[in-house]
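Trainee: Please read through the structure below; I'll follow up with questions.
No lab work stands behind these numbers, since they all come straight from the coordinates. Given the structure is predicted, the values throughout are model-derived calculations rather than measurements. As a convention, Cβ positions derive from the backbone with ideal geometry for all residues, glycine included, and neighbour counts pool all protein chains shown.
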Amino acid sequence: MSSSDSSSRSQTGRQTVGIPTRCWCGSNLTTFGASTKENLFRRFHRCELGVKRKAEHHLFKWCDEAIVDEINIVDAKHCHLKADVDSFKRFTTHSLEKQAKHLEDALLQIKTLLDDQTARSGTNNNSDSATEDTLPAQCLPPVEYKSKSQVINIAVAAIALGTMAWLYTKLNS
């Protein structure tokens, strides 16, 4: 293996990916500059113990290769996060479209009931619009509908909170 090749894999078969923090033996690392003709001033990470014990195979990794490894790791995490966000966006859009359809159906039913009520009662007074006071009980939404909408609001809030917690854990892992 020439001195310009990657040497992050030692004779023991251990490989370090990314920027190393410690050697496999547990010793701290130091950054040095190469003094060979092929790699003059090229920076590398080296185990402090490996500097003293040349016969043993401790960690050695070029700094530029370590940075490229880190960039690749971050890029992979970014791709996974983008896929998760896109999936969340599709799911949320689909859910909101379903809720919008339900709302449109409910509004259409209310409008139909109001039109039927107005047609039945005729135009006795000079007001075309019906208020909550003038509507019969059958036109008003039942109490169970109100409590059902409150449950839906709580469920949506719980889903939003769970999604934010999930995104937070994904971003921090």
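Trainee: Ranked highest first by the average count of other Cβ atoms within 10 Å around their residues, in what order do 38-50, 80-92 fall? Walk me through the numbers before you get to the answer.
Mentor: Values: 38-50: 16.1, 80-92: 11.5.
Ranking, from highest mean packing down: 38-50, 80-92.
Trainee: What are the ³J(HN,Hα) values, in whole Hz, obtained from phi via the Karplus relation 6.51 cos²θ - 1.76 cosθ + 1.60 with θ = phi - 60°, for each residue of the stretch 76-88 in sequence order, with x given for Gly and Pro?
Mentor: For the stretch 76-88, the Karplus-derived couplings read 5, 5, 4, 5, 5, 5, 4, 5, 5, 5, 4, 5, 4 Hz, x marking Gly and Pro.
Trainee: Something else now. Checking the cross-link filter: which lysines have an alpha carbon closer than 20 Å to that of K77, excluding same-chain neighbours under 8 positions apart?
Mentor: Straight-distance partners of K77: K89, K170.
Trainee: Hey, another quick one. What list of ³J(HN,Hα) couplings, whole Hz, do you get for the stretch 52-58 from phi and the Karplus terms 6.51, -1.76, 1.60, once you set θ to phi - 60° and write x for glycine and proline?
Mentor: The phi angles translate into 7, 10, 5, 6, 8, 9, 9 Hz.
Trainee: Quick one: 3J(HN,Hα) in Hz for the stretch 21-34, Karplus 6.51/-1.76/1.60 with θ = phi - 60°, rounded, Gly and Pro as x.
Mentor: Coupling constants for the stretch 21-34: 10, 9, 6, 4, 7, x, 6, 5, 10, 10, 9, 10, x, 5 Hz.
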